[in-house]
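The values are calculated or read from the model by the stated rules, or taken from the named source; none is laboratory data. Given the structure is predicted, the values throughout are model-derived calculations rather than measurements. With ideal geometry, Cβ positions are generated from the backbone for all residues, glycine too; neighbour counts draw on all protein chains shown. Protein only, heavy atoms only, side chains kept; ligands, DNA and RNA dropped before computing areas. Shrake-Rupley method; radii C 1.70, N 1.55, O 1.52, S 1.80 Å.
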Amino acid sequence: MASFATHRLRVHDSARPPYRRLSALRTCLTEFAPYGFYATYHHLCRRHRWW
């Protein structure tokens, strides 16, 4: 299993296409969601205006 830092780098890597970055975010959330997958995903996406 990769560390949180590795997943974070994948999410913030601007060289990756947006769909890969969102996929990396979902993968990170399945492993490290602080208050549940859906609540954390919704919070982060709304905060960063991804949808």
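Just a few scattered comments:
- Candidate set from region 14-40 (those that are open to solvent by less than 60 Å² (accessible area, probe 1.4 Å) and part of a loop (DSSP other than H, G, I, E, B)); member that is modelled with the lowest pLDDT: Ala33
- Boolean, Arg49 is modelled with pLDDT under 75 and not in a helix (DSSP H, G or I): yes
- Applying a threshold of 7 Å to beta carbon distances and a minimum spacing of six or more residues, or different chains, the list of pairs starting in region 3-32 at a residue that is closer than 15 Å to Leu44 by Cα and ending at one that is small (Gly, Ala, Ser) and in a helix (DSSP H, G or I) reads His7/Ala24; Val11/Ala24.
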